[in-house]
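Right, one structure below, let's go through it.
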Amino acid sequence: MPMQTNLQAADTIDHVHEGVIYSPFHRRTSAKNINQQWSVWNGYASTKYYADAHLEYFSTRNTCGVFDVSPMRKYRIKGPDAEAMLNRMVTRDVTSQAVDTVAYNIWCTDAGKLIDDGTLFRVSEDDFWLCAADPNFDWLQLSAVGFPNLEITDISEDLASLALQGPTSCALLKAMGFSGIENATPFSIMRFPFGAGEITISRTGYTGDLGYELWVDPADAELLWDQLFSVGQVYGIQPLGEDSLEMARIEAGFLAPDVDFHGSLHTVDRGHDHSPLELALGWIINFKKGHFSGRAALAKEKAAGKHRRLIKLDIEGNKPAENSILYCDKGCKKTIGYVTSAMWSPVVKANIAYGLVEGQYADGPIWAEIYHQKELRWVRKLAQCTRVTKPFWAPERARQTPPSDC
Amino acid sequence: MSNYDIAIIGAGHNGLACAAYLAKAGRKVLVLEANDEVGGLAATREFAPGFRASVAQTLPQLNRGLVDDLNLEKHGFKLALDAMPTVAMAPGKSPISITSGALSGASAEDSAAYPEYRRLLSKFADAINPFWHKRPPMIADGDMGDLATLGKFGWNLRRLGKDDMRELMRMIALPAQDLMDEFFQDDALKAALSWDCNIGSKLAPRSPNNAVLALLLRMSGDLTDGLPLPAGGAGGFTDALAASATSFGAEIRCGAAVEKVLIDDMSVSGVQLSNGEQVQATTVISNADPKTSFLTLLGAQHLDVQFTHRISRLRNQGYVAKLHLALDEIPTFTGLEKPAGRLMLTPSMKYIECAFDDAKYGGYANELPMEVIIPSLVDDSLAPVGKHVLSANIQYAPYAVKGGWDQHREQFLANALATLSQYSPGIESQVSAAELLTPADLEQQFNLAGGHWHHAEFAIDTWWMNRPTYGASQYTTPISGFHLCGAGAHPGGGLMGTCGANAARAILEDR
């Protein structure tokens, strides 16, 4: 007898989306996506590039660009236990985070391995938003065991969000009528009346430049897009696709999940997960704040000091060291690690990369084995790498309040 | 504020044993007990004027080593009965009496099978016995002591001989029913023998899991060659433990409920009582169940996420109710000259299984399997002259009964009395007072989350290096200075004081 399966028709299940999901901005982004170049992010159609990735990238450094971050997963954690629960989950001190501020955060397993990173918004004393590129509802629920007085809600569908990034972003927002936005300090939150309700603007982003993220009711999404592009024309506004954002974030020194690290809940083999110490995230591990999940394991790892290290590299030549293996000698006798992200940086005018290397080799000579093509012909090259300790790209305007032209 | 080396939360028998060993080793120990008397579930309490009983009643797991180490006999511990026979009962059938040596009243086949059953299980129990009294090993850490324990465990199994070792490996996770069916024929006999595999756990004769291991733990005592009944109820044992601890210099404070464990810079600094008083101690040992210890007394904010999850997932809902009856005279049980011994009102394993079926879904059976003792027959300290105490463990009484115990208490008691009267017609008219303790009552009266005898289910996933869970199974916890010594730690439930003794040894070794 043939095996039978009786599946409920997908269209009768209201929570299952058939095929790709569209962001609240989709009609607008689709119109500008002249080559219909899409990728899928958390099930949503997300533009790879609208017209030309490099031109879009340059808008983040010279004018301003808009990236649709609506596919990000957003969670609301609200209640008397919210602060204590989050403070125990993430590595930074939530108790000292002021209302209406944002903090970049990470959370780890008991073994001190990085699960994911994201931004934590404190919207009131007992009300937080956690935004992450990947779903984290399960971990939030697990982390809430023992903290009964709070509620966790997936608000991903309740917020339409855009990242507006680049040197003219503040001036554009001001011109749109959000006066006072120039006084928003990095990682602060301001609110303005908008559409039928309110817009939340946080001075945050993923490009390392001056920039903001805008959060509105999905019903007001197209209104926001239209105002940005009509007022923004003289500010050089461009839509940004994923390819341009990837370039900007590498220059800025931000990690990308599933590129620079694998979330520890998704790795299979031993040693394929990462501790935040390896990923140069030690600066956001607050060992003085009291207990947090993974603290004991991280303290032990830090004391031992033998962990791998993600380091910034300036590589000779102009061939990006994508997928390169790293060695401590030009003869390639000893493999010490590999490149996680690499690019030719147009603003820094350097061949930059992140390398994950065994700790003992981080300060010694490092050579990258680069494969590149010359008219389809593969060429192998060994390039000397110089370790860089300062950020590749950190313009003054990203920190200034108010920004210089506002 | 007062200062101690060690504060122990809870004066149950394990808390007291732990205190006695630590005080004996020279530590300055304070035991804090929320109730007005020591002993916890073992305390002998007056439930009606002149009538006394303890929730726990016999001492099958107690070891001579602990009794001697702590001079318990000097401190008043004695037995009312060395070896109490177990009597398999079924309405309309003649009872079968079971002792460790032989059956009486059983068929020739069953009588012939019993010695082999005892031989095999005693051999298994002896092979495993040393490991109940050792700190469980961790597998991955490569610690020499742990490797030695693992090595000895393997060697003890191998020493059983090839045939018996194979049998142990085959039988270790059998349901009680399969074990009994392999040896015996009589339904009541099989049911009575299966009882010790499952009592206290959310298990019934057909449940695979830890039935055989639980039986082996139950057989680990060496105090006598049978089932010992303590004089003065189980409280006689815990009172002696308390006297012993005190004699070694431990201080015991009753009516002192600990509200929380104090943490300073990731380490224990003491405890705070419900009246706000703080006691400083560099070591705090909890005799409370693991959920209460970690989630209530300590708080999830001090623990990692996955560890907290494992603690919160521990199965700790009790399924045993305790019945105490004050009787005007010695009740008559059909077929028995005198209701001496442990009377198993369990006609068959199916009868037990059906009662379990009801309980799984939040109900309880009309006919309730029970284990009955009338300790006053051999102990006149428990009832006024000429009167008697009936003490019964009843399965299954689900902690989370549908609708809550307030609305079921009367009916459950009525079912229990109706079941009893099938064996002892007219017993209701002899009852002058009754106390029914459901798991919800145990939780409330003894601060025992879930009202579970063993604090957390004794099962394969919560056994040995996983008891109560990895990360807290070696009498240490993720919090420096915080330890467990209750039944939620290895080896588990049952009056033997081994959790407390093992914890004390582990703490002394670490110093």
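General observations
- Counted residues, the range A:233-259 - those being surrounded by fewer than 17 Cβ atoms within 10 Å (Cβ to Cβ) and farther than 28 Å from A:P276 by Cβ: 3
- Exactly one residue out of A:K288, A:K302 is within 14 Å of chain B (Cβ to nearest Cβ), farther than 25 Å from A:E56 by Cα and surrounded by fewer than 19 Cβ atoms within 10 Å (Cβ to Cβ): that is A:K288.
- The range B:291-306 residues that are closer than 16 Å to B:M266 by Cβ, paired with ones that are assigned to a helix (DSSP H, G or I) (beta carbon under 6 Å, 6 or more apart): B:F294/B:I311; B:A300/B:T308; B:Q301/A:A84; B:Q301/A:R88
- Segments classed as strands (runs of 3 or more DSSP E), wholly inside the range A:305-356, with at least 2 members that are open to solvent by 30 Å² or more (accessible area, probe 1.4 Å) and in contact (Cβ under 8 Å) with a residue 24 or more places away in the chain: A:309-315
- For the range A:83-129, the set of residues classified as more than 28 Å from A:K300 (Cα to Cα) and either in contact with a strand residue (DSSP E or B) (Cβ under 8 Å, 6 or more places away or on another chain) or within 12 Å of chain B (Cβ to nearest Cβ) (or both) consists of A:A98, A:V99, A:D100, A:T101, A:V102, A:F121, A:R122, A:V123, A:D126, A:D127, A:F128, A:W129, listed by residue number.
- Residues satisfying the stated conditions in the range A:50-84, i.e. β-branched (V, I, T) and open to solvent by 30 Å² or more (accessible area, probe 1.4 Å): A:T63
- Residue in the range B:146-161 that is open to solvent by 50 Å² or more (accessible area, probe 1.4 Å) and touching a residue at least 40 places away in the same chain (Cβ under 8 Å) present: no
- Candidates A:L173, A:L114, A:L130, A:L142 - the one that is free of Cβ contacts under 8 Å to residues at least 24 places away in the same chain and of a type in the set (A, V, I, L, M, F, W, C): A:L142
- Of all residues in the range B:355-366, those that are of a type outside the set (A, V, I, L, M, F, W, C) have Cβ atoms under 6 Å from Cβ atoms of residues that are open to solvent by 60 Å² or more (accessible area, probe 1.4 Å) and in a helix (DSSP H, G or I), 6 or more apart or on another chain, in B:Y364/B:D358.
- Selected residue [farther than 21 Å from A:E358 by Cβ and within 14 Å of chain B (Cβ to nearest Cβ)] from A:S293, A:S264: A:S293
- In the range A:34-49, the residue that is surrounded by the fewest Cβ atoms within 10 Å (Cβ to Cβ) out of those that are of a type in the set (S, T, N, Q) and not in a loop (DSSP other than H, G, I, E, B) is A:S39.
- Of the residues making up the range A:98-134, those that are more than 25 Å from A:Y212 (Cβ to Cβ) and surrounded by fewer than 19 Cβ atoms within 10 Å (Cβ to Cβ) are A:A111, A:D126.
- Put simply, of A:V90, A:V66, A:V94, A:V102 the only residue that is modelled with pLDDT of 95 or more, in the same structural domain as A:Q227 (by TED's automatic domain parsing) and either closer than 18 Å to A:I285 by Cα or touching a Pro at 6+ places or on another chain (Cβ under 7 Å) (or both) is A:V66.
- Given (1) touching a helix residue (DSSP H, G or I) at 6+ places or on another chain (Cβ under 9 Å); (2) open to solvent by 10 Å² or more (accessible area, probe 1.4 Å), number of the condition B:L382 does not satisfy: (2)
- Residue match in the range B:278-300 (condition: among the acidic types (D, E), open to solvent by less than 50 Å² (accessible area, probe 1.4 Å) and within 14 Å of another protein chain (Cβ to nearest Cβ)): no
- Qualifying positions in the range B:309-333 - over 19 Å from B:M370 (Cβ atoms), charged (D, E, K, R) and under 26 Å from the mean Cα position of the chain (by Cα): B:R310, B:R313, B:R315
- Number of the exception - B:R27 against (1) more than 21 Å from the chain's Cα centre (by Cα); (2) crowded, with 20+ Cβ neighbours inside 10 Å; (3) within 30 Å of B:D225 (Cβ to Cβ); (4) not hydrophobic (A, V, I, L, M, F, W, C): (3)
- Check on B:M171, open to solvent by less than 10 Å² (accessible area, probe 1.4 Å) and touching a helix residue (DSSP H, G or I) at 6+ places or on another chain (Cβ under 7 Å): yes
- Residues located in the range B:369-392, provided they are touching a Leu at 6+ places or on another chain (Cβ under 8 Å) and either under 19 Å from B:N198 (Cβ atoms) or not aliphatic (A, V, I, L, M) (or both): B:P369, B:M370, B:E371, B:V372, B:I373, B:P375, B:S376, B:D379, B:K387, B:H388, B:S391, B:A392
- B:P369 open to solvent by less than 60 Å² (accessible area, probe 1.4 Å) and either without any contact (Cβ under 8 Å) to a residue 12 or more places away in the chain or in contact with a Gly (Cβ under 6 Å, 6 or more places away or on another chain) (or both): no
- Condition met for A:D273 (surrounded by fewer than 24 Cβ atoms within 10 Å (Cβ to Cβ) and closer than 27 Å to A:R308 by Cα): yes
- The numbered conditions (1) within 14 Å of chain B (Cβ to nearest Cβ); (2) part of a helix (DSSP H, G or I) are all true for A:F147 except (2).
- Of all residues in the range B:488-508 being part of a loop (DSSP other than H, G, I, E, B) and open to solvent by 10 Å² or more (accessible area, probe 1.4 Å), the one that is farthest from the other protein chains (Cβ to nearest Cβ): B:L495
- Pairing each residue of the range B:403-425 that is farther than 20 Å from B:V372 by Cβ with any residue that is of a type in the set (A, V, I, L, M, F, W, C), provided the two are 6+ apart or on different chains, yields C-beta distances under 6 Å for B:W405/B:A440; B:H408/B:V401.
- Taking the range B:116-189 and the helices (runs of 4 or more DSSP H) fully enclosed by it, the elements with 2 or more residues that are under 23 Å from the mean Cα position of the chain (by Cα) are at B:176-183.
- Boolean, B:L223 is farther than 19 Å from B:S480 by Cβ, out of contact with any strand residue (DSSP E or B) (no Cβ under 7 Å at 6 or more places or on another chain), part of a helix (DSSP H, G or I) and more than 14 Å from chain A (Cβ to nearest Cβ): no
The values are calculated or read from the model by the stated rules, or taken from the named source; none is laboratory data. As the structure is a computational prediction, the values presented were derived from the model and not from experiment. Virtual Cβ from ideal backbone geometry, glycine too; neighbours counted across all protein chains shown. Heavy atoms of the whole protein, side chains included, go into the accessibility calculation; ligands, DNA and RNA do not. Shrake-Rupley method; radii C 1.70, N 1.55, O 1.52, S 1.80 Å.
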